[in-house]
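Peer 1: Sharing a structure here in structure tokens format.
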Amino acid sequence: MSDLLYQKIGIAVNWLAQDLLGRKVGDRIPSISEYQELMKVSRGTVQNSLNYLKDSGAIELVSRGHMGTYIESLNYRRLQECSFNKELLGAMPLPYSICYQGLATALFHVFEPFAFNLVYARGAESRLRLISSGVCQFIVCSRYAAEDAIRGHEEVQIIADLGPGSYLSKHVLVLRDPNAKGIASGMRVAYDRASVDHRHITEMICSNVPDVEMVQMRAHQIVASILSGDIDAGVWNLDEILESGYQGLNVVPLDDIVDVSRFSSAVVVVRKDEEALAQVLRQCLDVQKIRQIQSSVQQGLIDVDY
């Protein structure tokens, strides 16, 4: 295949392989004439490219006369080998919580037919850079972070929303004073500039409170810093607090203070110009199956596997 990539048929094989990656067994494929028009190549080039994919074991087709040609079997890994994208690579947050571990396990399950892997990177903005640079094909972040990137004219699109609770159960405000009800004047409040979600939630809850001191720190340091008295308050997620076994913390839900619903939903994001890739991912991202596996991991019914 490496020699073919420098020839016209190699380009056509790559194009067809990426198109077929977005299809499934039982689908009707375009006719030779339709592919010819889409690819802007000769009829012979299309036929030769399909023959190459069939001979390489990437696909088996069956003709049904006037009804057209249908896919009888697909080998997604072989199709990947025949395209320029050798491996499907995604990025998601560091799996420090059982929620993220369940999500990673679910992604490996639904992408099992592919050559697939995940990298783990802190901060939605750093993960967005991974797809803009072409290092990764997709990322997972909160709906809020994705919408914020789109508002900032990032050339990305959301192709799947896994629903509330898929990213984390909820954000809460942790307070050092056991009698405090929220942010008050003079408080030292944790502020993680590297996290879009943490940064924006903290700014929202502090926006109308005077004389608040923002203390830069990593979000995962917040609880320890509150217990040591270094800060007075900080936004963190309830999953991590419950799993860490912290007792006696003054934890205030944020639902009644600000709207944090868009921060709890995980979304899958790709570059705006990657429509063929988006089609492949939409086919695999069975939201119901992902949530079922994620929930089973969280309940301890199946093992973490990522």
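Peer 1: Can you list residue pairs whose Cβ atoms sit under 9 Å apart, with the first residue in region 226-242 being closer than 19 Å to N179 by Cβ and the second being surrounded by fewer than 21 Cβ atoms within 10 Å (Cβ to Cβ) and of a type in the set (D, E)? Count only pairs 6 or more apart in sequence or on different chains.
Peer 2: I231/E213; D232/D177; D232/E213; A233/D177
Peer 1: Count, please, the residues in region 118-134 that happen to be at pLDDT 90 or above and surrounded by fewer than 14 Cβ atoms within 10 Å (Cβ to Cβ).
Peer 2: Summing the residues that are at pLDDT 90 or above and surrounded by fewer than 14 Cβ atoms within 10 Å (Cβ to Cβ) in region 118-134 gives 2.
Peer 1: Now for a separate question. Taking only pairs six or more apart or across chains, which ones have beta-carbon atoms under 6 Å, a first residue in region 56-79 that is under 20 Å from F116 (Cα atoms), and a second residue that is among the basic types (K, R)?
Peer 2: The qualifying pairs are G57/R78; A58/R78.
Peer 1: Out of region 23-52, which residues are open to solvent by 60 Å² or more (accessible area, probe 1.4 Å) and at positive phi? It would help to see each step written out before you state the result.
Peer 2: Initially, region 23-52 is screened for residues open to solvent by 60 Å² or more (accessible area, probe 1.4 Å), giving 24-25, 28, 33-34, 36-38, 40, 43, 47-48.
The one that is open to solvent by 60 Å² or more (accessible area, probe 1.4 Å) and at positive phi: K40.
Peer 1: Okay, moving on. Here is a check on your reading of the model: is A266 open to solvent by less than 10 Å² (accessible area, probe 1.4 Å), touching a residue at least 24 places away in the same chain (Cβ under 8 Å), among the aliphatic types (A, V, I, L, M) and in contact with a Leu (Cβ under 6 Å, 6 or more places away or on another chain)? Let's see the steps before the verdict.
Peer 2: On the way: open to solvent by less than 10 Å² (accessible area, probe 1.4 Å): yes; touching a residue at least 24 places away in the same chain (Cβ under 8 Å): yes; among the aliphatic types (A, V, I, L, M): yes; in contact with a Leu (Cβ under 6 Å, 6 or more places away or on another chain): yes.
Yes, satisfied.
Peer 1: Considering (1) within 24 Å of G123 (Cβ to Cβ); (2) open to solvent by 80 Å² or more (accessible area, probe 1.4 Å); (3) not in a helix (DSSP H, G or I); (4) not hydroxyl-bearing (S, T, Y), say which one E243 fails and leave the rest.
Peer 2: So the condition that E243 fails would be (3).
Peer 1: Output the residues belonging to region 50-67 that are under 13 Å from S31 (Cα atoms) and assigned to a helix (DSSP H, G or I).
Peer 2: So the first thing to find is which residues in region 50-67 are under 13 Å from S31 (Cα atoms), and the list is 50, 61-67.
The answer is L50, G65, H66, M67.
Peer 1: Does region 79-97 include one or more residues that are open to solvent by 60 Å² or more (accessible area, probe 1.4 Å) and in a helix (DSSP H, G or I)?
Peer 2: Let us first name the residues in region 79-97 that are open to solvent by 60 Å² or more (accessible area, probe 1.4 Å), namely 81, 84-87, 94, 96.
Checking which are in a helix (DSSP H, G or I) leaves us with 81.
Yes, region 79-97 has at least one match.
Peer 1: Which pairs turn up if I take residues in region 211-225 that are over 12 Å from V235 (Cβ atoms) and of a type in the set (D, E) and look for partners that are open to solvent by less than 30 Å² (accessible area, probe 1.4 Å) and assigned to a loop (DSSP other than H, G, I, E, B) with beta carbon separation below 9 Å, at least 6 apart in sequence or on another chain?
Peer 2: Short answer, once both residue conditions are applied: D211/M187; E213/M187; E213/I231; E213/D232.
Peer 1: I've got another one for you. Could you say whether any residue in region 152-168 is touching a strand residue (DSSP E or B) at 6+ places or on another chain (Cβ under 8 Å), surrounded by fewer than 17 Cβ atoms within 10 Å (Cβ to Cβ) and free of Cβ contacts under 8 Å to residues at least 40 places away in the same chain?
Peer 2: no
Peer 1: Let me ask something else about it. Among the residues of region 98-108, are any in a helix (DSSP H, G or I), closer than 20 Å to I201 by Cβ and of a type in the set (A, V, I, L, M, F, W, C)? Before the answer, list the steps.
Peer 2: Filtering region 98-108 down to residues in a helix (DSSP H, G or I) leaves 98-108.
Okay, now just the ones that are also closer than 20 Å to I201 by Cβ, so 99-100.
So of that shortlist, the ones also of a type in the set (A, V, I, L, M, F, W, C) come out as 99.
Looking through region 98-108, at least one residue is in a helix (DSSP H, G or I), closer than 20 Å to I201 by Cβ and of a type in the set (A, V, I, L, M, F, W, C).
Peer 1: Out of the residues in region 228-240 meeting the condition of being over 12 Å from H171 (Cα atoms) and in contact with a strand residue (DSSP E or B) (Cβ under 7 Å, 6 or more places away or on another chain), tell me which one is most open to solvent (accessible area, probe 1.4 Å).
Peer 2: Of region 228-240, the ones over 12 Å from H171 (Cα atoms) are 228-233.
If we keep only those that are in contact with a strand residue (DSSP E or B) (Cβ under 7 Å, 6 or more places away or on another chain) as well, we get 231-233.
Details: I231: 0, D232: 20, A233: 0 Å².
Here the residue is D232.
Peer 1: Hey, can you tell me all the residues within region 175-192 that are charged (D, E, K, R), open to solvent by 20 Å² or more (accessible area, probe 1.4 Å) and in contact with a helix residue (DSSP H, G or I) (Cβ under 6 Å, 6 or more places away or on another chain)?
Peer 2: In the first step, residues of region 175-192 are kept if they are charged (D, E, K, R); the result is 176-177, 181, 188, 192.
Those still in the list that are open to solvent by 20 Å² or more (accessible area, probe 1.4 Å) too: 176-177, 181, 188.
Selection gives R176 alone.
Peer 1: Say we look at region 203-227 and pick out the residues that are over 15 Å from L254 (Cβ atoms) and among the hydrophobic types (A, V, I, L, M, F, W, C); which of these is surrounded by the most Cβ atoms within 10 Å (Cβ to Cβ)?
Peer 2: The extreme case among them is I226.
The values are calculated or read from the model by the stated rules, or taken from the named source; none is laboratory data. Small disclaimer: the values here were computed from a predicted structure and weren't measured. All Cβ positions, even for glycine, are placed from backbone atoms using ideal geometry, and neighbour counts span all protein chains on display. To get the accessible areas, we keep the full protein, side chains included, count just its heavy atoms, and leave off ligands, DNA and RNA. Shrake-Rupley method; radii C 1.70, N 1.55, O 1.52, S 1.80 Å.
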